[in-house]
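**Q** One structure is given below, represented as structure tokens, and several questions about it will come after.
The values are calculated or read from the model by the stated rules, or taken from the named source; none is laboratory data. Just so we're clear, the structure is a prediction, and the values are computed from it rather than from any experiment. A quick note on method: Cβ atoms are made from the backbone with ideal geometry, for glycine too, and the neighbour counts reach across all protein chains shown.
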Amino acid sequence: MLIGLDPLLGPDLLQALRAMGHGDDIVLADANFPAQSVGRRLIRCDDCGLPRLLAAVLKVLPIDQVEPAAVVGMEVVGAPGRREPVHDDIARLLATQAQPGAGLELIERHAFYARARDAFAVVATGERRFHGNVILRKGTIAP
């Protein structure tokens, strides 16, 4: 155990977050996401939901402020403009725990999968709600 770190941030996840560079993406995926087949590096965190893990990650991961679409979620298939409660949870956490300006952009499912394939890592959560997926792009920390 380490002081001040959420216990959800286990050794594999901490190592991945630390090893990521500016512009690298990490995917926090729901239980239905094809994490094993999509992820280059797979980290399992099956015993937690997306909001809980996202809150822990946002405490240690700077979100990119330079590139647009630094935080993307998966839009509802067949209803691109509709937001699900899980999207509201993500947006609320970004508003309260991320750097100012980090907002959630929803993208089409296959576009989400394509970006996830290029991600540094995929974290499989136990989130049971549909569309409970988010990609975070790592930013920088000023000197």
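**Q** Determine which member of the set ARG83, ARG128 is surrounded by 16 or more Cβ atoms within 10 Å (Cβ to Cβ) and either basic (Lys, Arg) or at pLDDT below 95 (or both). Steps first, please.
**A** Values: ARG128 fails: surrounded by 16 or more Cβ atoms within 10 Å (Cβ to Cβ).
After applying the criteria, what remains is ARG83.
**Q** Name the single residue that is farthest from the chain's Cα centre (by Cα) among those in segment 108-143 being under 19 Å from GLY21 (Cβ atoms) and not hydrophobic (A, V, I, L, M, F, W, C). Reasoning before the result, please.
**A** The initial filter retains those residues of segment 108-143 that are under 19 Å from GLY21 (Cβ atoms), namely 115-123, 135-143.
Still in the running and not hydrophobic (A, V, I, L, M, F, W, C): 115, 117-118, 137-140, 143.
Details: ARG115: 12, ARG117: 14, ASP118: 14, ARG137: 8, LYS138: 10, GLY139: 13, THR140: 17, PRO143: 25 Å.
For segment 108-143, the residue satisfying everything is PRO143.
**Q** Do you know which residues across segment 27-59 are small (Gly, Ala, Ser) and either buried (at least 18 other Cβ atoms within 10 Å of the Cβ) or on the phi > 0 side of the Ramachandran plot (or both)?
**A** Just the residues of segment 27-59 that are small (Gly, Ala, Ser), to begin with: 29, 31, 35, 37, 39, 49, 55-56.
Within segment 27-59, ALA29, ALA35, GLY39, GLY49, ALA56 qualify.
**Q** Still on this model: What helices (runs of 4 or more DSSP H) completely inside segment 1-75 contain at least 2 residues that are closer than 17 Å to GLN99 by Cα and among the hydrophobic types (A, V, I, L, M, F, W, C)? Before the answer, list the steps.
**A** On the way: elements: 11-19, 35-38, 50-58.
Where helices (runs of 4 or more DSSP H) fall fully within segment 1-75 and carry at least 2 residues being closer than 17 Å to GLN99 by Cα and among the hydrophobic types (A, V, I, L, M, F, W, C), they are 50-58.
**Q** Hey, could you check segment 115-143 for residues that are part of a strand (DSSP E or B) and small (Gly, Ala, Ser) and say which is nearest to ASP89 (Cα to Cα)? Before you say what the answer is, go through the steps one by one.
**A** Initial filter on segment 115-143 (part of a strand (DSSP E or B)): 121-125, 134-138.
Those left that are additionally small (Gly, Ala, Ser): 121, 124.
Details: ALA121: 22, ALA124: 18 Å.
Looking at the filtered set, the residue picked out is ALA124.
**Q** Among the residues of segment 9-26, how many are buried (at least 17 other Cβ atoms within 10 Å of the Cβ) and either without any contact (Cβ under 8 Å) to a residue 12 or more places away in the chain or under 13 Å from ILE43 (Cα atoms) (or both)? Can you show your working first?
**A** To start, the set of residues in segment 9-26 that are buried (at least 17 other Cβ atoms within 10 Å of the Cβ) comprises 9, 13, 16-17, 20, 24-26.
If we keep only those that are either without any contact (Cβ under 8 Å) to a residue 12 or more places away in the chain or under 13 Å from ILE43 (Cα atoms) (or both) as well, we get 9, 13, 16-17, 26.
So the count comes out to 5.
**Q** Continuing with this model, one more query. Can you tell me how many residues within segment 88-107 are within 12 Å of the chain's Cα centre (by Cα) and part of a helix (DSSP H, G or I)?
**A** So the answer is 4.
**Q** Being charged (D, E, K, R) and under 21 Å from ALA69 (Cβ atoms) is the filter here, so list the residues in segment 1-43 that pass it.
**A** ASP24, ASP25, ASP30, ARG40 - these are the residues of segment 1-43 that are charged (D, E, K, R) and under 21 Å from ALA69 (Cβ atoms).
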